[in-house]
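Below is one structure; the comments refer to it alone.
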Amino acid sequence: PPDLSPAHTGVFQEMVKSECHFINGTDRMRFVKRFIYNREQYAMFDSDVGVFVGDTPYGEKVARYWNSDPEWIEYRRAAVDRHCRHNYELSTPFLVGR
């Protein structure tokens, strides 16, 4: 029979969620990327802050590692234009005015 101890019966979920917040069209945009494990956010990137921030001890360690790579940080900082502005321009004709 399978081992049904409590440590093996749970479902583990890793989730990454990207959000674009549009304030006044594209005049003011904010990009947020959340890293979640088992419904607990452990780290996030906020374009207003400009670096990764850890929400748990593990997340702090991960954020320090990600923040130590200048190319990776610059790639994340550019996401507000690459991801948010791009998608806003694509979806505006279909969504604005509805």
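Read-outs: derived from the displayed coordinates by stated rules, not from any lab. Since this is a predicted model, take the numbers as computed values, not measurements. In this analysis, Cβ positions are derived from the backbone assuming ideal geometry, glycine residues included, and neighbour counts consider all displayed protein chains.
Rounded to the nearest whole Hz, the Karplus-based 3J(HN,Hα) values (6.51 cos²θ - 1.76 cosθ + 1.60, θ = phi - 60°) of segment 18-33 follow the sequence 9, 10, 10, 10, 10, 10, 6, x, 9, 4, 9, 10, 9, 10, 10, 10, with x at glycine and proline.
Treat every Asp and Glu Cβ in the chain as -1 and every Lys and Arg Cβ as +1, leave all other atoms uncharged, and give the resulting dipole magnitude about the Cα centre to the nearest 20 debye.
260 debye
Given R0 = 30 Å, the distance between the Cβ atoms of Glu60 and Ile23 translates into a calculated FRET efficiency of 0.55.
Electrostatic tally near Asp46: other residues with Cβ closer than 11 Å to its Cβ, Lys and Arg +1, Asp and Glu -1, net +3.
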